[in-house]
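Here the structure is laid out as structure tokens; the discussion comes afterwards.
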Amino acid sequence: MAEDIENVNIGMTQADIDAFLDIVRTARIMQSYLNDETVHGVANVMTPLLKLLNGVASTDLVDVLERSMQDPDMDRALMNPPKVGMYGALREMGDEDFQKGLGIAIEFLKALGRASEDIGD
Amino acid sequence: MKERVLILGAGYAGAVIANTLAREFRRKIAKDELEITVLDRNDMGVNQGGFTLLPFGLYTPEDLVRPRKESLSPRIKSRFGDQGEVTDIDLNRQQVTTKSGTKYSYDHLVIAMGARPDASGVQGLEDDLNTFYTSMDDALEVGELIRNFKGGRIVVSVSRMPIPCPGAPVKFSFLLESYLRDIRNIRDDVQLTLLWPMEPIGPPEFNKLVTGRLEEKGIEDIRQFQLGKVDAANKMVESTDGRQENYDLLITVPPHKPQQAVLDSGLTDEKGWIAADKTTLQYRGPVGDKDNVYVVGDNGPADIMKTGIGAHYQAQVVSHNLINTINGSNIKSKYKGETGCPIITDMASDAHAGRAYIATWSYNNPPQSFDTTQLGWYLYRMYYYLHWDMSIKALM
């Protein structure tokens with residue numbers, strides 16, 4: 001019922017209205033650009049991004065990466081990369097942290113193999 | 001001891017709950033403290049919502065199917081085929097049996113097995129069953145029929161409620177009108193009729209919009225027409241109260257009912273669906289009150305609307321409550337009846353922009369006045385491409 005509608009002053013100025021109209025008119029650019037094919041194309045681009053987002057949101061690897069990327073030894077290595085040869089690599093094999101990192105990398109490689117079987121069908 | 005969550009059905013609601021729990025409890029699963037198992041007879045997921053648009057070539061079958069093992073987290077144990085086809089659900093023994101004979105016990109059970117069409121529920125319907133509701137093939141067949149229709153009267157009949165996605169037949173009618181007008185250019189040769197089994201079509205503002213548009217587009221709508229009989233030989237339908245309408249092409253939404261295993265297990269109430277509390281979604285049927293059993297999606301109570309949007313919101317509430325319970329908290333989230341219905345009034349063509357809107361509401365908060373928009377059409381069109389990787393994977 002029209003008489004039930006109460007007019008409320010929300011303090012909108014002409015500048016606010018101009019900004020609002022500017023946004024709406026800009027949205028029309030997007031509206032005019034879209035058709036059924038462009039929408040499909042946008043969706044095709046978004047799909048792999050969503051898969052990545054799902055992966056990132058569903059793993060503790062992100063937490064591990066977050067901390068490892070801030071590790072002071074990592075900072076030092078990035079500033080002054082140590083040159084590690086064959087013997088250096090073999091020497092690192094005795095390091096417990098290296099062994100854990102290698103263990104994660106190996107499990108990740110095996111998981112890649114299993115996942116490729118799922119997706120490959 | 002390992003805690004077991006058993007989810008019956010890998011459709012929309014079941015998959016969202018499984019993926020949410022798998023993400024949340026990844027550490028418990030890795031430590032073998034928790035197991036999530038999903039049972040479903042089909043190893044391919046189908047987005048049934050897209051069936052309405054399939055006859056018009058707006059999507060392809062490939063857009064609407066996805067192997068279930070690609071959309072369920074590898075942390076979930078999934079069983080399909082005879083191993084996943086549920087034949088008995090014993091809520092007292094906390095045990096589910098599948099066609100292969102395997103028995104699964106559980107600590108927490110989610111029943112999300114959907115609804116199934118039952119054309120035999122209307123006399124004569126199986127003699128002339130053209131429907132976009134039952135399968136991909138049937139929807140494509142409807143597409144063939146409307147592509148080759150020469151003129152006459154097309155009757156779209158919704159046999160009776162409840163059906164999944166009750167707004168879909170209205171959406172289909174508008175798409176069909178656009179298709180005949182702008183694509184086939186035979187609109188003047190076709191009389192279009194919608195037979196609707198109730199008085200209103202959705203909540204008041206929804207009803208107002210679609211009633212106006214049906215009139216505007218010259219689509220005859222006959223309300224309170226519950227389908228009682230189909231006379232295929234004489235091309236005539238009859239309502240349960242004896243009114244008759246003739247047709248040249250009949251497109252029907254058949255009655256729906258729960259899966260046979262649900263009926264055989266004695267889980268349903270007098271309305272024929274699984275009884276559950278409307279806010280907690282916990283089982284409250286003839287077997288007794290079962291707090292560790294949740295009922296979500298289309299197999300739920302008759303008075304909870306059967307929509308994909310509703311299933312999604314229900315899945316979020318059930319996931320949240322399962323997480324709280326497993327973590328030892330008694331805090332409960334409540335389902336407030338959030339649901340919705342994407343409505344299309346115009347299909348995009350070289351003559352007209354597409355127009356759509358996604359109306360939403362909850363138990364005591366009906367939708368406000370709305371109209372369909374052009375951007376709404378594109379959002380809706382885009383959604384089905386993103387359905388699998390956004391909604392099913394429980395990202396939104």
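The values are calculated or read from the model by the stated rules, or taken from the named source; none is laboratory data. Remember, it's a predicted structure, so these values are computed and weren't measured experimentally. Every residue, glycine among them, receives a Cβ derived from its backbone with ideal geometry; neighbour counts consider all protein chains shown.
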With respect to the numbered conditions (1) loosely packed, with under 10 Cβ neighbours inside 10 Å; (2) among the hydroxyl-bearing types (Ser, Thr, Tyr); (3) within 28 Å of B:ASP389 (Cβ to Cβ), which one is the sole condition not fulfilled by A:THR47?
(1)
Would you be able to say whether some residue in segment B:334-342 is of a type in the set (Asp, Glu) and either in a loop (DSSP other than H, G, I, E, B) or within 22 Å of B:ALA115 (Cβ to Cβ) (or both)?
yes
Given the conditions (1) within 14 Å of another protein chain (Cβ to nearest Cβ); (2) touching a residue at least 12 places away in the same chain (Cβ under 8 Å), which single one is not true for B:PRO366?
(1)
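For the condition assigned by TED's automatic domain parsing to the domain that holds B:GLU177 and in contact (Cβ under 8 Å) with a residue 24 or more places away in the chain, what is the one hit in B:GLY300, B:GLY272, B:GLY218? Spell out the reasoning first.
Numbers: B:GLY300 fails: assigned by TED's automatic domain parsing to the domain that holds B:GLU177; B:GLY272 fails: assigned by TED's automatic domain parsing to the domain that holds B:GLU177.
Checking each option against the conditions leaves just B:GLY218.
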Subset of segment B:139-184 that is touching a residue at least 24 places away in the same chain (Cβ under 8 Å) and among the polar types (S, T, N, Q) - its residue that is nearest to B:LEU249 (Cα to Cα)
B:SER157
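Please find, among B:LYS229, B:LYS278, the residue that is out of contact with any Gly (no Cβ under 6 Å at 6 or more places or on another chain) and of a type in the set (Lys, Arg). First the steps, then the outcome.
Numbers: B:LYS229 fails: out of contact with any Gly (no Cβ under 6 Å at 6 or more places or on another chain).
Only one candidate passes the filter, namely B:LYS278.
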Among A:ASP63, A:ASP95, which is the only one that is within 14 Å of chain B (Cβ to nearest Cβ), farther than 30 Å from B:ASP43 by Cβ, of a type in the set (D, E, K, R) and exposed (fewer than 12 other Cβ atoms within 10 Å of the Cβ)?
A:ASP63
Check segment B:381-391 and report whether any residue there is away from chain A (no Cβ under 14 Å) and under 21 Å from A:SER32 (Cβ atoms).
no
Of these, B:GLU245, B:GLU238, which one is out of contact with any Phe, Trp or Tyr (no Cβ under 9 Å at 6 or more places or on another chain) and not assigned by TED's automatic domain parsing to the domain that holds B:HIS108?
B:GLU238
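At least 1 residues that are of a type in the set (D, E, K, R) in each: list the strands (runs of 3 or more DSSP E) lying fully within segment B:200-297 that qualify. I'd like the intermediate steps shown before the answer.
Numbers: elements: B:220-222, B:227-231, B:236-239, B:244-246, B:249-253, B:256-258, B:282-285, B:288-295.
So the answer is B:220-222, B:227-231, B:236-239, B:244-246, B:256-258, B:282-285, B:288-295.
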